[in-house]
1. Every residue in region 459-469 that is away from the ligand (no atom under 14 Å from the Cβ) and open to solvent by 30 Å² or more (accessible area, probe 1.4 Å), please.
2. Where residues in region 375-389 are in a strand (DSSP E or B) and either at pLDDT below 95 or surrounded by 24 or more Cβ atoms within 10 Å (Cβ to Cβ) (or both), which of them is farthest from the ligand (Cβ to nearest atom)?
3. Is it the case that ARG435 is open to solvent by 30 Å² or more (accessible area, probe 1.4 Å) and farther than 23 Å from ARG391 by Cα?
4. Criterion first (within 15 Å of the ligand (Cβ to nearest atom), open to solvent by less than 80 Å² (accessible area, probe 1.4 Å) and either in a helix (DSSP H, G or I) or not acidic (Asp, Glu) (or both)) does ARG397 satisfy it?
5. When residues of region 288-310 are filtered for being aliphatic (A, V, I, L, M) and farther than 13 Å from ASP336 by Cβ, how many remain?
6. Count, please, the residues in region 334-357 that happen to be assigned to a loop (DSSP other than H, G, I, E, B) and more than 16 Å from the ligand (Cβ to nearest atom).
7. Please go through region 207-243 and pick out each residue that is buried (at least 18 other Cβ atoms within 10 Å of the Cβ), small (Gly, Ala, Ser) and in a loop (DSSP other than H, G, I, E, B).
8. Looking at region 470-504, which of its residues are more than 16 Å from PHE254 (Cβ to Cβ) and more than 16 Å from the ligand (Cβ to nearest atom)?
Amino acid sequence: MTDKDPAGRTRLICALTATSAAAMRSDMFGAADAGADAVELRLDYLDPRPGKRDIADLLAGAPLETIVTCRPTAEGGRFTGSEPDRLAILAEALRHGADWVDVEAAVPPHYRPGPDGRVILSRHDFKRCPSDLAALAARLDGSDAAVSKIAFAAEACEDALRAFDVLGHCRKPALALAMKEAGVISRILAGKFGAFGTFAALSPGAESAPGQPTIAELIDLYRVKHLTAATEVYGVIGCPVAHSMSPAIHNAAFAAAGMDACYVPLLIQPGEDDFRRFMDALLARPWLDWRGLSVTIPHKEHALRYVGDGACDELAVRIGAVNTITIAPDGTLAGDNTDYAGAIDALCAGMGIPREGLAGRSAAVIGAGGVARAIVAALAHYRCEVIIYNRTVERGRRLAEEFGAAAFGLDKLDQLDAEIVINCTSVGMHPNVDRSHLASIPPRVAAVFDTIYNPVETMLIRHARAADCAAITGLDMFVNQAVAQFERWTATPAPREVMREVVARKLGATRE
Ligand code: NAP
């Protein structure tokens with residue numbers, strides 16, 4: 001270990017992939033400023049191939065711990081020269097003060113540049129998670145090298161859980177990383193499982209491996225420097241999931257509440273089997289400390305079936321969708337639907353009434369999709385009279401029949417006569433922001449709720465404000481449902497304003 005060693009903490013290693021030695025050296029200082037603990041100098045990216053002078057200049061006065069890698073094309077790198085030349089570059093790096101060199105396990109031990117105490121012995125599979133992962137990891141762990149590294153492509157999120165198994169079994173410092181989007185949790189949570197390090201890119205587009213987050217994401221979004229062995233884990237299951245605002249909202253909330261918790265994205269392919277396989281793998285590992293899941297499209301119905309009617313809230317069963325799973329320390333599951341709760345509570349707050357105050361009022365719901373279904377079920381539950389207007393009349397009728405509502409086509413909107421109007425369609429959403437189902441607000445309407453949150457001020461909301469109605473936005477609903485999830489999982493009041501600010505900031509960024 002060197003005097004720059006971050007003393008047992010999981011290193012945040014910034015992989016540097018510049019193609020000139022001067023740019024790579026400059027990026028090394030950029031990585032230090034960005035908060036990295038170490039840099040990986042990917043010398044195989046340098047073009048032309050680095051000479052002795054380049055290596056000496058790169059390493060002189062390095063501000064951080066250095067790992068030098070010169071990966072051959074056969075192992076997913078860019079070095080096309082001979083094997084002796086490649087190993088000579090690594091040996092040269094050690095001579096000039098590199099703290100570590102990454103040497104592929106395929107290199108025979110007697111050719112390895114050394115000493116072993118400065119070698120990270122690595123193994124990569126860019127196609128899949130090796131079926132003999134445990135045996136491979138054990139072999140690396142049993143070698144003379146000081147550190148072992150195994151990296152493989154994750155075909156599914158459960159592969160990333162296998163990376164944590166590897167970390168749990170290694171006796172000496174190890175890195176176990178699942179590449180690609182499905183494996184990103186292995187990079188985010190490496191610190192919880194005591195990994196030697198985790199890799200990050202300096203900026204988007206500078207990744208040295210698929211699925212690598214940026215250093216800013218790991219530090220600011222996932223707060224990896226605060227992870228401990230006791231960190232509780234939460235996540236959002238979806239397909240796609242990369243666009244989800246939930247990690248930003250919940251991680252900010254955990255930070256504001258001073259909680260040792262981390263919230264991660266989980267890309268689970270659309271099939272119910274995919275969902276079940278992941279859940280089974282997760283629950284088989286209670287030591288993950290997984291405490292909650294948000295569930296989004298297309299897995300909400302799968303979640304209801306997996307958790308089972310008996311363990312789900314009554315309205316979630318009626319709606320047929322669970323978007324929140326709570327996992328007790330003994331593995332017991334509970335399912336809720338905070339979509340409806342978020343919507344109804346936003347509406348009631350806007351109208352200044354309790355949920356029970358909806359009884360006997362009338363609401364026109366425009367739309368008959370998933371969001372409309374949750375809202376109609378909740379309105380009916382609180383004995384509000386519901387009239388559904390939908391483009392596809394038959395779909396509207398089917399929903400109406402289920403919940404004792406009336407249904408019409410959009411052509412009947414000019415006869416709308418209700419106290420509450422709720423838009424549950426995408427009409428008015430970015431980029432078609434100059435559209436609205438209503439040209440003006442009919443006289444009897446007292447409250448208008450547009451579930452769209454991008455933009456927050458839709459044309460319908462602007463009409464409502466002009467008509468002096470209570471105006472409830474999709475932002476209110478979105479924040480409410482996240483608040484409800486946070487409080488369901490943690491049984492503590494959510495930092496609502498922090499969460500709202502994160503969503504508003506993200507939406508502002510989305511519209512730019
Ligand atoms: P969905 O299941 O796909 O349903 C879409 C609904 O919009 C259907 O009723 C559809 O009518 C109607 N529609 C779509 N395009 C239309 C058009 N050009 N003219 C008239 N009607 C049209 O979607 P969803 O999941 O219910 O989401 C609906 C909206 O809710 C989204 O656009 C989103 O803005 C909002 N949302 C808000 C939140 C929040 O937290 N605030 C969360 C999720 C979604 P047909 O039946 O005729 O196809």
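1. Just the residues of region 459-469 that are away from the ligand (no atom under 14 Å from the Cβ), to begin with: 462-469.
If the condition is that a residue be away from the ligand (no atom under 14 Å from the Cβ) and open to solvent by 30 Å² or more (accessible area, probe 1.4 Å), then ARG462, HIS463, ARG465, ALA466, ALA467, ASP468 are the ones that fit.
2. Here is the first cut: in region 375-389, the ones in a strand (DSSP E or B) are 385-389.
The next check asks that each one be either at pLDDT below 95 or surrounded by 24 or more Cβ atoms within 10 Å (Cβ to Cβ) (or both); those that pass are 386, 388-389.
Working: VAL386: 14, ILE388: 9, TYR389: 9 Å.
So, considering only residues that are in a strand (DSSP E or B) and either at pLDDT below 95 or surrounded by 24 or more Cβ atoms within 10 Å (Cβ to Cβ) (or both), the one farthest from the ligand (Cβ to nearest atom) is VAL386.
3. no
4. No.
5. Initial filter on region 288-310 (aliphatic (A, V, I, L, M)): 288, 293, 295, 297, 303-304, 307.
Add one more test, that the residue is farther than 13 Å from ASP336 by Cβ, and what stays is 288, 297.
The number of residues fulfilling the criteria is 2.
6. 3
7. Within region 207-243, SER208, ALA209, GLY211 qualify.
8. Selection gives ALA470 alone.
The values are calculated or read from the model by the stated rules, or taken from the named source; none is laboratory data. Bear in mind the structure is a predicted one, so any value in this text is a computation, not a measurement. Neighbour counts run over all protein chains shown; Cβ positions are idealised from the backbone, glycine included. Only protein heavy atoms, including side chains, enter the accessible area calculation; ligands, DNA and RNA are left aside. Shrake-Rupley method; radii C 1.70, N 1.55, O 1.52, S 1.80 Å.
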